[in-house]
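Please read the structure below before turning to the comments.
We did not get these values from a lab; they are worked out from the coordinates using the rules stated. On a predicted model such as this, the values are computed, not experimentally measured, just so you know. As a convention, Cβ positions derive from the backbone with ideal geometry for all residues, glycine included, and neighbour counts pool all protein chains shown.
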Amino acid sequence: MTSTPQKRLREYPNNCLSINKKNELFCDAFKKSIDYKKKSSVTQHLETEVHTSNSQKLKTVPNINFNTDEFQENFKNDLIIWLSASNVPFDKLNKMTFKSFLNNNLRPVFKIPSSATLRRSFPNLYKSKIDELKDNFSKSKVSVICDETTDSKCRYVFQIIFVKLDILKENCPKLVDTIFLDEVNYEIG
Ligand SMILES: [Zn+2]
């Protein structure tokens, strides 16, 4: 049975191997084609110093070329929003299972920030979101909707919701404040 580059590629997945236009087995780490006919020459190549160190570098460099600082910053902010919106305390980041879930799935593209970093970044992010809301509603006619309800813990809450009165623009209702009430005077009829 003759061997093909495709067969070798299937035999050695995730080893920086690919097939080039000349239908040769090409090593992306070595930047050269390698002999695919004998299985032993492939395994020998994969064990060489130059292959292992170069492929390690390929694997740790995220293949995203745009501004990684900005990318990382967005990731951190999204993480803060996701955790806060889900009522997950930042300390959960320190839990081994949570940490390894993130590390195993998101690294090396993302650096997982510590809970202390999130706590430090939270006030600025909060302020920028409030500023976004202010910008969104400035110079617009606004309808204010107040609603008294109970939250998931049966606490009385008073919600203040703004809706921009402009059908031509994005006018999805925005919750701008939640006030917890000690008592309410509604009666169940
Ligand atoms: Zn190689």
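When only C-alpha pairs under 8 Å and at least 6 residues apart count, what is the relative contact order of the chain, in percent?
Values: 179 pairs, mean separation 18.9, N = 189.
Relative contact order comes out at 10 percent.
Between ILE145 and LYS95, the distance separating the two model label sites (each 7 Å from Cα on the Cα→Cβ line) works out to 3.4 nm. Once the GluC sites (Glu not before Pro) in DSSP loops with at most 10 neighbouring Cβ atoms within 10 Å are cut out of the chain, the longest remaining piece is 1-169.
Within straight-line reach of LYS57, meaning a Cα separation under 14 Å, sit the following aspartates and glutamates at least 8 residues removed in sequence or on another chain: ASP28, GLU49.
Counting pairwise Cα distances across region 141-181, what percent come out greater than 10 angstrom? Don't skip to the answer; put the middle values down first.
Details: 570 of 820 pairs.
Percent of Cα pairs beyond 10 Å in region 141-181: 70.
Once the cut-off is 21 Å, how many percent of the Cα-Cα pairs in the chain end up in the long-distance tail? Can you show the working numbers first?
Numbers: 12596 of 17766 pairs.
Cα-Cα pairs in the chain separated by more than 21 Å: 71 percent.
The charge dipole of the chain, taken about its Cα centre with unit charges on the Cβ of Lys, Arg, Asp and Glu (plus for the first two, minus for the last two), comes to roughly 1380 debye.
Return the loop-located trypsin sites (Lys or Arg not before Pro) in region 1-47 (DSSP other than H, G, I, E, B) with at most 16 other Cβ atoms within 10 Å of their own Cβ; answer none if there are none.
Numbers: sites: LYS7, ARG8, ARG10, LYS21, LYS22, LYS31, LYS32, LYS37, LYS38, LYS39; in loops: LYS21, LYS22, LYS31, LYS37, LYS38.
Qualifying residues, ordered by number: LYS21, LYS22, LYS31, LYS37, LYS38.
What are the DSSP H helices in the chain that stretch 18 Å or more along their long axis, judged by alpha-carbon atoms, and whose average Kyte-Doolittle hydropathy comes to at least -0.5? It would help to have the intermediate numbers written out before the result.
Working: long enough: 68-85 (25 Å, -0.38); 115-137 (33 Å, -0.91).
Helix filter hits for the chain: 68-85.
Taking 24 Å as the straight-line reach from the Cα of LYS139, the lysines in range (excluding those fewer than 8 positions away in the same chain) are LYS127, LYS129, LYS164, LYS169, LYS174. Quantify how much of the Cα-Cα distance distribution of region 68-134 extends past 18 Å, in percent. So the portion of pairs separated by more than 18 Å is 37 percent.
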